[in-house]
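The values are calculated or read from the model by the stated rules, or taken from the named source; none is laboratory data. On a predicted model such as this, the values are computed, not experimentally measured, just so you know. What goes into the accessible areas is simple: the full protein's heavy atoms, side chains included, and nothing from ligands, DNA or RNA. Shrake-Rupley method; radii C 1.70, N 1.55, O 1.52, S 1.80 Å.
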Amino acid sequence: MITRRNILAGAVLVGAGAAGYLVWGRAGLQELAAAPVYAEEGVALRGTDPVGYFTEGRPVAGLPAHAYEWNGATWHFASAENRDAFAADPARYAPQYGGFCAWAVAEKGQLFSTQPENWAIVDGKLYLNYNDDIQAQWQKDVPGFIARGDERWPEVLKSEG
(Lines give C-alpha, C1' and ligand atoms only; values in the text may rest on other atoms or scores of the structure.)
Protein backbone atom coordinates (compact mmCIF):
# COMPACT_ATOMS: atom_id res chain seq x y z
CA MET A 1 0.00 0.00 0.00
CA ILE A 2 1.28 3.43 -0.90
CA THR A 3 1.02 6.01 1.82
CA ARG A 4 2.23 9.56 2.11
CA ARG A 5 4.69 8.28 4.70
CA ASN A 6 6.13 5.75 2.23
CA ILE A 7 6.40 8.43 -0.44
CA LEU A 8 8.12 10.86 1.90
CA ALA A 9 10.47 8.14 3.07
CA GLY A 10 11.88 8.22 -0.46
CA ALA A 11 12.67 11.93 -0.26
CA VAL A 12 16.35 12.13 0.58
CA LEU A 13 19.21 14.29 -0.52
CA VAL A 14 21.52 12.51 -2.89
CA GLY A 15 25.21 12.88 -2.19
CA ALA A 16 27.34 14.87 -4.58
CA GLY A 17 28.81 11.71 -6.08
CA ALA A 18 25.42 10.29 -7.04
CA ALA A 19 24.94 12.70 -9.95
CA GLY A 20 21.22 12.97 -9.37
CA TYR A 21 19.99 16.32 -10.61
CA LEU A 22 16.65 17.70 -11.66
CA VAL A 23 16.32 20.51 -14.12
CA TRP A 24 13.31 22.57 -13.08
CA GLY A 25 11.12 24.29 -15.61
CA ARG A 26 12.01 27.36 -17.54
CA ALA A 27 14.30 28.78 -14.88
CA GLY A 28 16.83 26.07 -15.76
CA LEU A 29 17.96 25.75 -12.15
CA GLN A 30 19.71 22.54 -11.31
CA GLU A 31 18.81 21.32 -7.84
CA LEU A 32 20.16 18.37 -5.96
CA ALA A 33 17.60 15.58 -6.31
CA ALA A 34 15.41 15.51 -3.24
CA ALA A 35 12.26 14.38 -4.97
CA PRO A 36 10.09 11.56 -3.72
CA VAL A 37 10.26 8.40 -5.83
CA TYR A 38 7.23 6.25 -6.60
CA ALA A 39 8.10 3.13 -4.63
CA GLU A 40 6.07 0.36 -3.06
CA GLU A 41 7.76 -1.15 -0.01
CA GLY A 42 10.90 0.74 -1.01
CA VAL A 43 11.08 -0.68 -4.56
CA ALA A 44 10.90 1.89 -7.35
CA LEU A 45 8.60 1.46 -10.36
CA ARG A 46 7.04 -1.79 -9.11
CA GLY A 47 10.38 -3.47 -9.82
CA THR A 48 10.45 -2.48 -13.49
CA ASP A 49 13.87 -1.82 -15.01
CA PRO A 50 13.94 1.87 -16.06
CA VAL A 51 16.77 1.26 -18.53
CA GLY A 52 14.65 -1.35 -20.32
CA TYR A 53 12.28 1.32 -21.60
CA PHE A 54 15.21 2.84 -23.50
CA THR A 55 17.00 -0.34 -24.61
CA GLU A 56 14.07 -2.72 -25.22
CA GLY A 57 11.37 -0.17 -26.02
CA ARG A 58 9.06 -1.71 -23.44
CA PRO A 59 8.72 -2.29 -19.70
CA VAL A 60 11.06 -5.06 -18.57
CA ALA A 61 10.88 -6.74 -15.18
CA GLY A 62 13.90 -6.07 -13.02
CA LEU A 63 15.45 -8.60 -10.67
CA PRO A 64 16.39 -8.11 -7.02
CA ALA A 65 19.75 -9.71 -7.88
CA HIS A 66 20.54 -6.57 -9.91
CA ALA A 67 19.38 -3.96 -7.39
CA TYR A 68 20.75 -0.47 -6.97
CA GLU A 69 19.95 2.07 -4.23
CA TRP A 70 19.33 5.58 -5.49
CA ASN A 71 17.35 8.55 -4.21
CA GLY A 72 15.88 6.67 -1.26
CA ALA A 73 14.56 3.70 -3.25
CA THR A 74 15.73 0.32 -4.46
CA TRP A 75 15.73 0.06 -8.24
CA HIS A 76 15.65 -3.36 -9.94
CA PHE A 77 17.29 -4.11 -13.27
CA ALA A 78 17.07 -6.97 -15.76
CA SER A 79 20.85 -7.22 -15.98
CA ALA A 80 24.04 -6.05 -14.34
CA GLU A 81 24.72 -4.00 -17.50
CA ASN A 82 21.45 -2.10 -17.10
CA ARG A 83 22.16 -1.52 -13.42
CA ASP A 84 25.62 -0.19 -14.21
CA ALA A 85 24.28 2.10 -16.95
CA PHE A 86 21.74 3.54 -14.51
CA ALA A 87 24.35 3.93 -11.76
CA ALA A 88 26.61 5.85 -14.15
CA ASP A 89 23.85 8.31 -15.13
CA PRO A 90 20.58 8.01 -13.14
CA ALA A 91 19.24 11.30 -14.50
CA ARG A 92 19.33 9.83 -18.03
CA TYR A 93 17.14 6.84 -17.17
CA ALA A 94 15.07 7.77 -14.11
CA PRO A 95 11.49 8.66 -14.93
CA GLN A 96 10.36 12.25 -14.73
CA TYR A 97 8.47 13.42 -11.65
CA GLY A 98 9.94 10.62 -9.55
CA GLY A 99 8.03 8.00 -11.51
CA PHE A 100 4.68 9.43 -10.43
CA CYS A 101 1.86 9.98 -12.92
CA ALA A 102 2.91 12.70 -15.38
CA TRP A 103 -0.72 13.66 -16.06
CA ALA A 104 -1.54 14.01 -12.34
CA VAL A 105 1.50 16.21 -11.71
CA ALA A 106 0.52 18.43 -14.66
CA GLU A 107 -3.24 18.56 -14.11
CA LYS A 108 -3.71 18.07 -10.37
CA GLY A 109 -0.37 19.04 -8.90
CA GLN A 110 -0.49 15.75 -6.99
CA LEU A 111 1.40 12.48 -6.77
CA PHE A 112 -0.48 9.47 -8.16
CA SER A 113 0.83 5.95 -8.66
CA THR A 114 1.69 4.55 -12.09
CA GLN A 115 1.58 1.31 -14.04
CA PRO A 116 4.73 0.18 -15.87
CA GLU A 117 2.71 -0.38 -19.06
CA ASN A 118 1.61 3.26 -19.23
CA TRP A 119 4.71 5.04 -20.43
CA ALA A 120 6.28 7.19 -23.12
CA ILE A 121 9.74 8.45 -23.92
CA VAL A 122 9.60 12.04 -25.10
CA ASP A 123 12.77 13.92 -26.03
CA GLY A 124 14.84 11.26 -24.30
CA LYS A 125 12.90 11.39 -21.03
CA LEU A 126 10.70 8.69 -19.53
CA TYR A 127 7.16 9.59 -18.42
CA LEU A 128 4.73 7.25 -16.67
CA ASN A 129 0.98 7.45 -16.12
CA TYR A 130 -1.67 6.02 -13.81
CA ASN A 131 -3.58 3.75 -16.22
CA ASP A 132 -4.75 3.36 -19.83
CA ASP A 133 -7.46 6.03 -19.56
CA ILE A 134 -5.10 8.61 -18.08
CA GLN A 135 -2.44 7.70 -20.66
CA ALA A 136 -4.98 8.40 -23.40
CA GLN A 137 -5.76 11.79 -21.87
CA TRP A 138 -2.06 12.60 -21.56
CA GLN A 139 -1.44 11.68 -25.20
CA LYS A 140 -3.93 14.32 -26.36
CA ASP A 141 -1.46 17.11 -25.49
CA VAL A 142 1.90 15.64 -24.52
CA PRO A 143 3.89 18.90 -24.98
CA GLY A 144 1.33 20.87 -22.96
CA PHE A 145 1.26 18.34 -20.13
CA ILE A 146 5.04 18.21 -20.00
CA ALA A 147 5.26 22.01 -19.88
CA ARG A 148 2.66 22.18 -17.10
CA GLY A 149 4.23 19.26 -15.26
CA ASP A 150 7.69 20.84 -15.37
CA GLU A 151 6.22 24.10 -14.13
CA ARG A 152 4.26 22.44 -11.32
CA TRP A 153 6.90 19.92 -10.18
CA PRO A 154 8.78 22.30 -7.81
CA GLU A 155 5.43 23.31 -6.29
CA VAL A 156 4.49 19.64 -5.82
CA LEU A 157 7.81 18.96 -4.11
CA LYS A 158 7.26 21.84 -1.68
CA SER A 159 3.78 20.59 -0.78
CA GLU A 160 5.08 17.05 -0.18
CA GLY A 161 8.09 18.20 1.84
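Mind checking which aspartates and glutamates have their C-alpha under 20 Å from Lys140, skipping anything on the same chain fewer than 8 residues away?
Glu107, Glu117, Asp123, Asp132, Asp150, Glu151
Keeping all protein chains in place, calculate the accessible area per residue for the range 73-148 (probe 1.4 angstrom), answer in Å². It would help to have the intermediate numbers written out before the result.
Details: 3300 Å² over 76 residues.
Solvent-accessible surface per residue comes out at 43 Å².
Return the carbon/sulfur percentage of the accessible area of the range 68-161, one whole number, probe 1.4 Å, all protein chains in place.
Details: 1950 of 4320 Å².
Percent of accessible area from carbon and sulfur atoms in the range 68-161: 45.
Find the centroid of the Cα atoms in the range 136-158 and in the range 52-83, then give the distance between the two in whole Å.
The distance from the Cα centre of the range 136-158 to that of the range 52-83 comes to 25 Å.
Determine which lysines satisfy two conditions relative to Lys158: a Cα distance under 22 Å, and not lying fewer than 8 residues away in the same chain.
Hits, sequence-local ones excluded: Lys108.
What does the C-alpha gyration tensor say about the overall shape of the range 66-107? Classify as rounded when a/c is under 1.5, otherwise prolate if a/b is larger than b/c, or oblate. Let's see the in-between values first.
Details: a/c = 2.60, a/b = 2.30, b/c = 1.13.
Because a/c hits 1.5 or more and a/b exceeds b/c, the range 66-107 counts as prolate.
Treating the range 76-161 as a set of equal point scatterers at the Cα positions, no solvent, please give the Debye-formula log₁₀ I(q)/I(0) at q = 0.18, 0.24 Å⁻¹.
Rounded to two decimals, the profile gives -0.76, -1.15.
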